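*Asks:* Have a look at this one.
The values are calculated or read from the model by the stated rules, or taken from the named source; none is laboratory data. Values in this document were obtained by computation on a predicted structure and should not be read as measured data. Methodologically, a virtual Cβ is constructed for each residue, glycine included, from the backbone with ideal geometry; neighbour enumeration extends over all protein chains shown. Remember, those area values only see protein heavy atoms, side chains included, never the ligands or the DNA or RNA. Shrake-Rupley method; radii C 1.70, N 1.55, O 1.52, S 1.80 Å.
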Amino acid sequence: AATARVGLTQALALSWRNSVAWVFQGNPKIFDIDDYVTRYPELIYWRTPRHQSQITVGDRAIVWRSGPDAGAIAIGVVVEAPTPGTAVKHPEALGTDLWRTEEPDPDEPRTGIHLQEIRLTSSEGFLPRSVVKADTALTATSLISMPNGTVFPLDVAQTNAIERLWGLTSSQSLPALSSASEGQRKLMSHYRRERSNSLRL
């Protein structure tokens, strides 16, 4: 566990070095996304069938839930470039038991994402698709116009727009983000999830 934390810290030092974002979409009918990000609030892996050579450590990552409650449910940063699922650094965080259908090829590349904030419900402030679609910088993205897929690229302007809609301030988007403020945001997210009645067993 200590080694994993050190690895995350080193990768986070590269955060926001790149100014692009990737939206990682999942279908809750196929994979229990909500349970996954709740169970592994620090590190998750996402299937990456496309754009493998373009995704790098430090890129912004948006976790997107499709379906009736479509929208962004978590935001974070890439800490492990696309790697075959059988060779990732922390296989215990793959969540293989959460597939509602047959699990895809275990060798398919996965991207490691450090989650910084999770918002699963409206009361927690999740970012609905309707709001993203209404934004002039985002309405023409493939995420909105051609939403069938797993990974969607955002350019600099689109990244800035989705960060703004999420509620990040400019200081939170800069490399000067400290480990103390990072910890603060993680604690807030954890606290809010614990208080969510929809997540209580």
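*Asks:* Which residue is nearest to the chain's Cα centre (by Cα), if the candidates are limited to the stretch 132-143 and must be part of a helix (DSSP H, G or I) and farther than 15 Å from residue 21 by Cα?
*Replies:* So, considering only residues that are part of a helix (DSSP H, G or I) and farther than 15 Å from residue 21 by Cα, the one nearest to the chain's Cα centre (by Cα) is 133.
*Asks:* Looking at this structure, is residue 72 at negative phi and without any contact (Cβ under 8 Å) to a residue 60 or more places away in the chain?
*Replies:* In short, no.
*Asks:* Taking only pairs six or more apart or across chains, which ones have beta-carbon atoms under 8 Å, a first residue in the stretch 30-57 that is in contact (Cβ under 8 Å) with a residue 12 or more places away in the chain and among the hydroxyl-bearing types (Ser, Thr, Tyr), and a second residue that is open to solvent by 50 Å² or more (accessible area, probe 1.4 Å) and in a helix (DSSP H, G or I)?
*Replies:* Sorted first by the residue in the stretch 30-57, then by its partner, the pairs are 38/199.
*Asks:* Okay, moving on. I need the full set of residues from the stretch 111-141 which are among the polar types (S, T, N, Q) and buried (at least 17 other Cβ atoms within 10 Å of the Cβ), in order please.
*Replies:* 111, 116, 141
*Asks:* Now, a different point. Pull out all pairs, ordered by first then second residue, where Cβ-Cβ is under 7 Å, the residues are six or more apart or on different chains, the first lies in the stretch 138-164 and is farther than 15 Å from residue 27 by Cβ, and the second is open to solvent by 50 Å² or more (accessible area, probe 1.4 Å) and modelled with pLDDT of 95 or more.
*Replies:* 139/133; 144/133
*Asks:* While we're here: Quick one: which residue in 102, 108 is open to solvent by 20 Å² or more (accessible area, probe 1.4 Å) and at pLDDT below 95?
*Replies:* Numbers: 108 fails: at pLDDT below 95.
Answer to the check: 102.
*Asks:* When you go through 161, 93, 81 one by one, which is the residue that is aliphatic (A, V, I, L, M) and under 14 Å from residue 48 (Cα atoms)?
*Replies:* One residue alone meets the criteria, 81.
*Asks:* Another question, if that's okay. Mind listing just one residue for me: the one in the stretch 44-62 that is crowded, with 22+ Cβ neighbours inside 10 Å and aliphatic (A, V, I, L, M) and, of those, farthest from residue 109 (Cα to Cα)?
*Replies:* Applying the filter and picking the extreme gives 62.
*Asks:* Okay, moving on. When you check residue 102 against the structure, is it of a type in the set (Asp, Glu), free of Cβ contacts under 8 Å to residues at least 24 places away in the same chain and assigned to a helix (DSSP H, G or I), yes or no?
*Replies:* On the way: of a type in the set (Asp, Glu): yes; free of Cβ contacts under 8 Å to residues at least 24 places away in the same chain: yes; assigned to a helix (DSSP H, G or I): no.
Considered against the rule, which asks whether it is of a type in the set (Asp, Glu), free of Cβ contacts under 8 Å to residues at least 24 places away in the same chain and assigned to a helix (DSSP H, G or I), residue 102 comes out as no.
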